[in-house]
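Worksheet for the structure shown next.
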Amino acid sequence: MKKGRKRTSLILLAAILLAISAHRALKNFQIQQETTRWYAKAITAFNDETTPEDARDWLTDNGFELMIWNPNAQKGWIGKQTVQQPDSTSDYYLVQGSKPLSEDIWLDIKFTFDTDLIPQKARYNTRTHPINSSQSISQ
């Protein structure tokens, strides 16, 4: 009788663990799908005519909270990033927003402009909630 209960308990435990794993895999798949969808929308909106204001408006119109946008800065609207390369240094201006995809996963979209405000790239990064931001995936 005890053997039967142990076996049933082990089977039940295995089924629960399998269900949890399947749920996590489905959640990760859905988050990746949503990330891909948002990134596709961002790169479609980001073209040679895009201004920092356009990038800001796109982010806010699509529910992103602005993370890099300083209306009091000399350029009036954006953050600055310096990229050090072996043979040169390049400055870029950034407009970045963040949006929760789930309770613990956030999507960041960053629009990059050169110093003449010519659009360069749209990138994304997913990360865990700001309280635990040890994990991220970038493009």
Each label point is 7 Å from the Cα along the Cα-to-Cβ direction; what then is the distance between the points at Q32 and Q85, in nm? 3.2 nm
Point-to-point label distance, L117-E49, nm (Cα→Cβ direction, 7 Å offset): 1.6 nm
Set of region 20-64 residues, backbone N closer than 19 Å to the point 7 Å along the Cα-Cβ line of S102: 20-39
At most 16 other Cβ atoms within 10 Å and a DSSP loop assignment: could you name the GluC sites (Glu not before Pro) in region 1-56 that fit? E49
Once both label points are put 7 Å beyond Cα along the C-beta direction, the T60-R5 separation in nm becomes 6.4 nm
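Each value in this text was obtained by applying a stated rule to the coordinates, not by laboratory testing. Not measured: the values here are computed from a predicted model. For neighbour counting, all protein chains shown are included, and Cβ atoms are generated from backbone atoms with ideal geometry for every residue, glycine included.
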